[in-house]
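Just below is one structure, and these are the notes that go with it.
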Amino acid sequence: MRYLVMVQGSQTDYEAQAGKGSPDSPAWDEKAMREMFAYMGKINDDLAESGELVTGYGLREPAQGRAVSLDAEGRPVVSDGPYSETKELLAGFWVLDCASLERVTEIAVRVARCPQPAGAPEYPVLIRTVDGGIDD
């Protein structure tokens, strides 16, 4: 079964990782960033070695994205990020091919334990079952 495992963040968190802390998200120093990347890199390596990793990516800050919707007349409405309507956004994801929901939950628990500075916001790691696709 394939699963989408998602980590969340906010524009404020990306700014904190760039060293610009706030009351909601303390600044990360170089050591904290190295620890986080090493931790996530080890997870990626382990998932690749086990054959469970289909793909995965971290996403750039919301300020580099857009939201596209339609108004009542069907005209496009384009908003540059960060998106004031949403606090937490997708920060990165993996598509995993795991034997069970229990196994992917074990992986999500490991992701949730990623080191971060004291006082940094904690977000749940989200799991969704992938329902087929164009190559299935």
Taking segment 30-77 as the region of interest, how many residues are assigned to a helix (DSSP H, G or I), open to solvent by less than 70 Å² (accessible area, probe 1.4 Å) and charged (D, E, K, R)? 1
Which condition breaks for K20 when tested against (1) over 16 Å from Q116 (Cα atoms); (2) more than 19 Å from the chain's Cα centre (by Cα); (3) not in a helix (DSSP H, G or I); (4) not polar (S, T, N, Q)? (1)
Are any residues in segment 2-29 open to solvent by less than 50 Å² (accessible area, probe 1.4 Å) and either on the phi > 0 side of the Ramachandran plot or of a type outside the set (A, V, I, L, M, F, W, C) (or both), and if so, which ones? Y3, G9, S10, Q11, T12, D13, Y14, G19, G21, S22, S25, P26
Checking the structure you have, find out if any residue of segment 78-86 is touching a residue at least 40 places away in the same chain (Cβ under 8 Å), among the aromatic types (F, W, Y), closer than 22 Å to S10 by Cβ and surrounded by 12 or more Cβ atoms within 10 Å (Cβ to Cβ). no
List every residue pair whose Cβ atoms sit under 7 Å apart, with the two residues 6 or more apart in sequence or on different chains, where the first one lies in segment 104-118 and is charged (D, E, K, R) and the second, anywhere, is part of a helix (DSSP H, G or I). R110/I43
Quick one: in segment 87-114, of everything that is over 23 Å from E52 (Cα atoms) and either in a loop (DSSP other than H, G, I, E, B) or at pLDDT 95 or above (or both), which residue is least open to solvent (accessible area, probe 1.4 Å)? E88
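The values are calculated or read from the model by the stated rules, or taken from the named source; none is laboratory data. Everything quoted here is computed from the prediction, not taken from an experiment. Cβ: placed from backbone, ideal geometry, glycine included. Neighbour counts: every protein chain shown. For accessibility, only protein heavy atoms count, side chains too; no ligands or nucleic acids. Shrake-Rupley method; radii C 1.70, N 1.55, O 1.52, S 1.80 Å.
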